[in-house]
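Below is one structure, written out as structure tokens; comments come after it.
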Amino acid sequence: MTKDNKSTLQKIAGFFLGIIVFGVVWNLNIEGLNIKGIHATAIALLTAVWWIFMVMPPMIPALLACVLFFVTNTASPAQAFAGFYNPTIWLLFFALVMAKGVEASGLGKRIAIFILDKVPLSYNGLVAAFILLCLIFPFIIPSAAAAVALIMALAVGILDALDIERSPNNKICAGLTCFIGILLLTFGRVPLTGSLPNYIAVGFLNEMEGISIGWMEWLSNMWIIFPLPALATYFYVLHFYKPDKDLSPVAMQQQIRKSKENLGPMTIQEKKAGLFVGLAMVLWAADAIIPLNTNQVGILIGILFLLPYIGFLTMKDFNNMSLVTFFFAGGSFSIGKVLTDTGFAAWAGSSLLKFDFLNEGNFFISGMFILLFAFVLHFLLETLGEVSLLTPIVLKAGFLPAKAACLLIPYGAGMYLFPYQGSPIVLSLGFNTTGWKDIVRYGCFLTVVSLLQGAVFLLTYWSWRLM
């Protein structure tokens, strides 16, 4: 049986399994859950099954859930489409606009080449440079897929210039690129605007608890998660992917010089993009002293990219944006909102509290439970859907401080083992520089590092900041 046939059978099986699960749960009598809560659960499970089996693009089940909530009278129109009312989701939309502006202007490539030009021209230096790029780009390009495409293209250019065979079997080739997709997604948890699940979790925190987390407050809690994975990745690559030949500093220098020459002088579009992104970061960093929150700043800066005579994005650029992500996020948020309003989140939260160890109020034990639970659930659900379903449940359960839950759930869901768990990781495979085995091995390594790191921080830094 061919791979395509297996995929088709999987989708057909998932399609009918989702309908069966929906029908069974819809007609159940669940103690402690009202009829609307049961119906909301049935619709959410239908969506989850179709996500797990990849029956169709994730956006479609998410939007279908919104429609089903409405037409079955499970929720009001405002509840069923709550994700498209929420300012956090609109921040995501304009973050995608900003990402397209940085990409289309060429500013992202210029920044990457500038960094490569400043590192020692050696294998160790290249590894360090690409790790640094994985940290920097979530701050300026709030789109992991766009950042992966850019960094991988630069890596391929350097490999070609050095006459290194582009193959997963080549140690230098695989070593330089095996970590890019996963590490970018991991570092996307550092700035609030660096990862879609961050938006979703913060949106629920504000919606359900009336608590806001600003850009600087998020960063002050999450900056600590990058040093250890960065160092661990550096030594991991140097240990397992030792180059079997010396790299030519002259060839690297020529490639970087050629890339700089191809860019030419800085264009007006690059200058505008740099100004807009810089202004956004300044305003986000000053959110404690200015009357604009993170959402408002992101929306205003996104509009600047689109305004005639001020911005520079065209209708063609707009049409090329990944609006699928926006609709998926809006639908996912709506599912979580309906599950909250119909009582499912409270019911599921009270069910969690039946675990005695969660009732003891131990911050470390409760935090580790959330990290592990989110990590395991991520094997079944795409990150955005997982955070949309899990965040309201944990907030309703109340066994963790609300801000802690908001940060720990995206962190736990941000540990990746397999390429299928994140489209940016799949994208990195498409350059034929690294293989599935390399990514899984690195993913296992970084997951162990991240879990150990999480345990240490729950006992130290996070217990001090979030308790």
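Read-outs throughout are calculated quantities, based only on the coordinates presented, and are distinct from any laboratory measurement. Bear in mind that the values here come from a model prediction, so they are computed numbers and not experimental data. Every residue, glycine among them, receives a Cβ derived from its backbone with ideal geometry; neighbour counts consider all protein chains shown.
For the range 366-467, list log₁₀ I(q)/I(0) at each q in 0.23 Å⁻¹, using the Debye formula over Cα point scatterers of equal strength and ignoring solvent, two decimals each.
The Debye formula, applied to the Cα set alone, gives -1.17.
What share of all Cα pairs of the chain, in percent, falls into each consecutive 20 Å distance bin?
For the chain, the binned pair fractions read 24, 56, 20, 1 percent.
Using each residue's phi in the range 93-110, evaluate 6.51 cos²θ - 1.76 cosθ + 1.60 at θ = phi - 60° and report the 3J(HN,Hα) Karplus result to the nearest Hz, with x for Gly and Pro.
4, 6, 5, 5, 4, 4, 4, 5, x, 5, 5, 5, 6, x, 5, x, 5, 5
Helix-only mean residue ellipticity at 222 nm, the chain, DSSP H runs n ≥ 4 weighted -39,500 (n - 2.57), per residue, nearest 500. What is it?
Details: 26 runs with 339 residues, N = 467.
Value at 222 nm, helices only, nearest 500: -23000 deg cm²/dmol.
In whole Å, what three semi-axes, largest first, describe the equivalent ellipsoid of the range 34-175 built from its Cα gyration tensor (square root of 5 times each eigenvalue)? Walk me through the intermediate numbers first.
Numbers: eigenvalues 385, 72, 24 Å².
In descending order the semi-axes read 44, 19, 11 Å.
Quick check on the range 175-306: take the gyration tensor over C-alpha atoms, sort the square-rooted eigenvalues as a ≥ b ≥ c, and tell me if it's rounded (a/c under 1.5), prolate or oblate.
Oblate.
With a 10 Å Cβ neighbour count serving as the proxy for reagent exposure, in which order, fewest first, do TYR234, TYR199 appear? All intermediate terms of the calculation are to be shown ahead of the outcome.
Numbers: TYR234 16, TYR199 28.
Exposure proxy ranking, most exposed first: TYR234, TYR199.
Sequence neighbours fewer than 8 away in the same chain don't count; with that in mind, list the lysines whose C-alpha is under 30 Å from LYS403.
Straight-line reach from LYS403, under 30 Å: LYS36, LYS337, LYS354.
Rounded to whole Hz and in sequence order, give me ³J(HN,Hα) for the range 30-47 from the Karplus expression 6.51 cos²θ - 1.76 cosθ + 1.60, θ = phi - 60°, writing x for Gly and Pro.
Each residue's phi maps through the Karplus curve to give 9, 4, x, 10, 6, 4, 5, x, 5, 5, 4, 5, 4, 5, 5, 5, 4, 4 Hz.
Ranked by Cβ crowding within 10 angstrom, fewest neighbours first, how are ASP246, ASP160 ordered?
Lowest to highest Cβ neighbour count: ASP246, ASP160.
For the range 116-132, just list the computed ³J(HN,Hα) in residue order, Karplus coefficients 6.51, -1.76 and 1.60, θ = phi - 60°, integers in Hz, with x standing in for Gly and Pro.
Values per residue, Gly and Pro as x: 4, 6, 9, 8, x, 7, 8, 4, 4, x, 5, 4, 4, 5, 5, 5, 5 Hz.
Using the Cα atoms of the range 1-80, I'd like the radius of gyration and the largest Cα-Cα distance, Dmax, both in angstrom.
Reported Rg and Dmax, both Å: 14.1, 47.
Just subtract the alpha-carbon distance of SER212 and SER350 from 0.36 nm times their residue separation and send over the number in nm, one decimal.
The span from SER212 to SER350 would gain 47.2 nm if fully extended.
Using the number of other C-beta atoms within 10 angstrom as an exposure proxy, rank PHE379, PHE333, PHE15 with the fewest first.
PHE379, PHE15, PHE333
Could you pull out every one of the lysines with an alpha carbon less than 19 Å from that of LYS316, ignoring same-chain neighbours closer than 8 positions?
LYS100, LYS272
Show which lysines lie in cross-link reach of LYS118 when reach means a straight Cα distance below 19 angstrom and same-chain residues fewer than eight apart are skipped.
Qualifying lysines at Cα under 19 Å: LYS109, LYS258, LYS260.
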